[in-house]
Amino acid sequence: MIFAAKLNGLPFDNATEIPADIKAEPPGAVQHIAAGNQRYLVKRSGAPTVMASSDQKFGVTLITSYSTADKRDTFWVYEAPSFSAVESAAKASGTPFESIAEIPETVYPH
């Protein structure tokens, strides 16, 4: 991925592996993002128990989650107004996370 970005002259910060067996979001979720919100991918190690009781306090909504086949990593897709809102909710969940990445809107069909 880094090589492809460089060849195409694209800026590159980091890469997050997405499992080939990614689950689809709930029907209709793609078209119903609240105005001003984006989707974010939070990566965590292992199969953590996440307390989402404070998500709404930060304006964050869990859309779906999944893990790699070996259960080494889990991925959580959230809808939120900003990166900082997701980061605050992730910290408040009591479960460590490795990274947060915004999912470009162009990944989803219109």
Quick one: in segment 39-61, of everything that is hydroxyl-bearing (S, T, Y) and not in a strand (DSSP E or B), which residue is least open to solvent (accessible area, probe 1.4 Å)?
S54
Which of (1) more than 18 Å from F97 (Cβ to Cβ); (2) at pLDDT 85 or above; (3) under 13 Å from the mean Cα position of the chain (by Cα) does E25 not meet, given it meets every other one?
(2)
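Just for segment 86-97: of the residues that are open to solvent by 20 Å² or more (accessible area, probe 1.4 Å) and not aromatic (F, W, Y), which one is modelled with the lowest pLDDT?
Filtering segment 86-97 for residues that are open to solvent by 20 Å² or more (accessible area, probe 1.4 Å) and not aromatic (F, W, Y), the one modelled with the lowest pLDDT comes out as G94.
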For segment 65-85, name all the residues that are surrounded by 15 or more Cβ atoms within 10 Å (Cβ to Cβ) and either among the acidic types (D, E) or in contact (Cβ under 8 Å) with a residue 60 or more places away in the chain (or both).
D73, E79
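Kindly indicate whether K57 is basic (K, R) and closer than 18 Å to N37 by Cα.
Details: basic (K, R): yes; closer than 18 Å to N37 by Cα: yes.
It is true that K57 is basic (K, R) and closer than 18 Å to N37 by Cα.
The values are calculated or read from the model by the stated rules, or taken from the named source; none is laboratory data. Just so you know, these numbers come straight off a predicted model, no measurement behind them. Cβ coordinates were reconstructed from backbone atoms using ideal geometry, including for glycine residues, and neighbour counts include every protein chain displayed. Ligands, DNA and RNA are excluded from the accessible area calculation, which covers all protein heavy atoms including side chains. Shrake-Rupley method; radii C 1.70, N 1.55, O 1.52, S 1.80 Å.
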